[in-house]
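Engineer: Next up is a structure, given as structure tokens.
The values are calculated or read from the model by the stated rules, or taken from the named source; none is laboratory data. Computed from a predicted structure; not experimentally measured. Using ideal geometry, Cβ is built from the backbone for each residue, glycine included, and neighbour counts are taken over all protein chains shown.
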Amino acid sequence: MIKITTPCRLHITLIDMNGEIGRMDGGAGLTLSSPNVKITAEEADGIQIQGLQGFADRMKKAAEALLPEGKGIRINVEELIPAHVGFGSGTQSALAAAAAVNELYGLEKSVRELAVAVKRGGTSGIGVTAFEKGGFIVDGGHRSKDKGAFMPSAASRVPPGPVLCREDFPDWDIVIALPNEKGMHDQEEINIFQKFCPLPIEEVREVAHMVLMKMMPAVIEKDIESFGAAVNHVQTVGFNKRESLIWPGFVKDIASLMRSRSYGAGVSSFGPVVYAFVDNREEGRQLQTEVQKMLDESVGGITMMTRAKNNGAEISRI
């Protein structure tokens, strides 16, 4: 029997949603220790998805894409990452199922090969690399002639972009607000990409400058002040700026509070997950309490304290 525990990810920013120099997409993101997808898997007749059913169809399709002819798999889903909130749950659940087939039947495929098989990573490669290696990740997007149009990952069919930077992330505490709502997904996501892209090249250059010359060095030098400032800055420009125009009021309020009480805060992907970086556990707990009160008085939800995960999915035989 195979046991797999995946991480999840925060998507901090897309980089180039203009494409003028022949590439598009690219992004920066961070792997988190929790929440997780946890599954066990064993050989079986056909494809059976047991336990939690939130991603049963996605896992079944992922398994079908990898299974040798005449073989089957039974997957028991013990934990799931919440869907459509900004944690990259679709990529992690699909890769978990694909990796289970890969291990059970000795297919010896790489994580990137699995991602291509299950059609993940077509816009952002952060989730694929989070599954593979963990840590802080910057990817280089796709050639415009390959991608063809500005589209979200779920609607894209190109392989994950090249990894430009993968670094261990410092052991800073990360406060997470998880409102009891869903972010945009499916056709709504496609509509947003089509509405706003291509973005002005000046904004692309500003985001790229901030990622290359502030965010990446801050991770390497363990400079939480500079890292937080970079996170704050990229919320105000580029694709994140357009996403902020359509955030619900409660997301804007929570993000504003978390930014004022931390080194930096942002909304992951289309949200509604809001995250903030702190280096004092007690201050983090106080921030959690205040944010939880805001959630309780609006849409409901939970807060949590987590840290980065500097390795990928855990895969073992039991």
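Engineer: Filtering region 147-158 down to residues that are among the aliphatic types (A, V, I, L, M) and closer than 19 Å to residue 112 by Cβ, which residue is surrounded by the fewest Cβ atoms within 10 Å (Cβ to Cβ)?
Structural biologist: 154
Engineer: Would you check if there is a residue in region 239-257 being in contact with a Lys or Arg (Cβ under 7 Å, 6 or more places away or on another chain), more than 17 Å from residue 11 (Cα to Cα) and part of a helix (DSSP H, G or I)?
Structural biologist: Taking every residue of region 239-257 in turn, none turns out to be in contact with a Lys or Arg (Cβ under 7 Å, 6 or more places away or on another chain), more than 17 Å from residue 11 (Cα to Cα) and part of a helix (DSSP H, G or I).
Engineer: List, please: which pairs have Cβ atoms under 9 Å, are six or more places apart or on different chains, and start with a residue in region 76-94 that is surrounded by fewer than 24 Cβ atoms within 10 Å (Cβ to Cβ) and assigned to a loop (DSSP other than H, G, I, E, B) and end with one that is modelled with pLDDT under 95 and among the charged types (D, E, K, R)?
Structural biologist: Going by the 9 Å Cβ cut-off, the qualifying pairs are 82/182; 83/182; 84/182; 84/186.
Engineer: Here is a follow-up. Tell me whether region 189-208 contains one or more residues that are within 18 Å of the chain's Cα centre (by Cα) and without any contact (Cβ under 8 Å) to a residue 40 or more places away in the chain.
Structural biologist: Within region 189-208, one or more residues are within 18 Å of the chain's Cα centre (by Cα) and without any contact (Cβ under 8 Å) to a residue 40 or more places away in the chain.
Engineer: Please find, within region 14-34, the residue that is nearest to residue 88 (Cα to Cα) out of those that are in a loop (DSSP other than H, G, I, E, B) and in contact with a Leu (Cβ under 8 Å, 6 or more places away or on another chain).
Structural biologist: So, considering only residues that are in a loop (DSSP other than H, G, I, E, B) and in contact with a Leu (Cβ under 8 Å, 6 or more places away or on another chain), the one nearest to residue 88 (Cα to Cα) is 17.
Engineer: Taking the stated definitions as given, is residue 178 buried (at least 18 other Cβ atoms within 10 Å of the Cβ), farther than 29 Å from residue 310 by Cα and not polar (S, T, N, Q)?
Structural biologist: In short, no.
Engineer: Would you confirm, using the coordinates I've provided, whether residue 144 is buried (at least 16 other Cβ atoms within 10 Å of the Cβ), more than 30 Å from residue 278 (Cα to Cα) and at pLDDT below 90?
Structural biologist: No.
Engineer: Moving on. Which one of 119, 109 is assigned to a loop (DSSP other than H, G, I, E, B), on the phi > 0 side of the Ramachandran plot and either out of contact with any Cys (no Cβ under 7 Å at 6 or more places or on another chain) or crowded, with 18+ Cβ neighbours inside 10 Å (or both)?
Structural biologist: Within the list 119, 109, the selection yields 119.
Engineer: What residue, among those in region 289-310 that are exposed (fewer than 14 other Cβ atoms within 10 Å of the Cβ) and part of a loop (DSSP other than H, G, I, E, B), is farthest from the chain's Cα centre (by Cα)?
Structural biologist: Result: 297.
Engineer: Looking at (1) touching a residue at least 24 places away in the same chain (Cβ under 8 Å); (2) among the aliphatic types (A, V, I, L, M); (3) surrounded by fewer than 22 Cβ atoms within 10 Å (Cβ to Cβ), find the lone condition where residue 213 falls short.
Structural biologist: (1)
Engineer: Looking only at region 85-98, decide whether some residue is closer than 20 Å to residue 273 by Cα and among the hydrophobic types (A, V, I, L, M, F, W, C).
Structural biologist: yes
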